[in-house]
Amino acid sequence: MKWGMRILGCLDLITFLIFIYPKFLFLISTFTINFSIPQKAGAIGEILVLLLFALSGYLIFKLKKSGFIISFILIPFRFVYGYFSFDFLSYLAYCSGFKNEISTDVFQNNWFYFLLVSEVMRYCLSAYWYSKLNQQ
């Protein structure tokens, strides 16, 4: 259970690291180009959500219950913004030279369902471990 919780914390930190750079560039572009106020607020909101991912990953290592609570709060944001825990695998495949294979419609469709199912399984496992922590 201890290593599993650390893996979940690492997945949150990896999610933060993967998405922070493009979202930060988008935030900068919203303030340098004429974007509307709702678009600027949305860009700031996404950065704040990503910072919560970093906080969740850190707290799962240090204060497990607090980290899980923040992780549970982030559930709707994961699905709205598409911040799936195992999405880093597609980035690894892209960087490893499988650009053509992962760009097909069939792969993208199947990959989305894989990410959706794995994210639901991740949160079922998180809820189980959180209940175990509360029983101790």
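For each pair in K23/K65; K2/K65; K64/K132; K65/K132; K2/K132, compute the distance between the two Cα atoms and list the pairs where it is over 22 Å.
K23/K65
Projected area of the chain, taken from the Cα convex hull and averaged over every viewing direction, in nm²?
9.5 nm²
Given 0.36 nm per residue, what is the gain on full extension from L51 to D105 after removing their alpha carbon distance, in nm?
This chain segment gains 16.3 nm when fully extended.
Grab the Cα-Cα distance for F31 and C124, subtract it from 0.36 nm times how many residues apart they are, and report the gain in nm with one decimal.
29.6 nm
If the cut-off is a Cα-Cα distance under 19 Å, which aspartates and glutamates reach K62, setting aside same-chain residues fewer than 8 apart in sequence?
Straight-distance partners of K62: D12.
May I ask you to evaluate 6.51 cos²θ - 1.76 cosθ + 1.60, the Karplus curve with θ = phi - 60°, for each residue of the range 20-26 and list the ³J(HN,Hα) values in order in whole Hz, giving x for glycine and proline?
Karplus-based 3J(HN,Hα) across the range 20-26 equals 5, 5, x, 6, 5, 5, 5 Hz.
Need the full-extension length gain, F114 to S66, defined as separation in residues times 0.36 nm minus the C-alpha distance. One decimal, nm.
14.5 nm
Rounded to whole Å, give me the distance from the Cα center of the range 45-119 to that of the range 2-38.
First find each Cα centre; the distance between them is then 10 Å.
Under a crude label model (7 Å from the Cα following the beta-carbon direction), how far is C95 from C10 in nanometres?
About 1.5 nm separates the two model spin labels.
Only the coordinates and a few stated rules stand behind these numbers; no lab work does. Source: prediction; values computed, not measured. Positions of Cβ are generated from backbone atoms using ideal geometry, with glycine treated the same way; all protein chains shown enter the neighbour counts.
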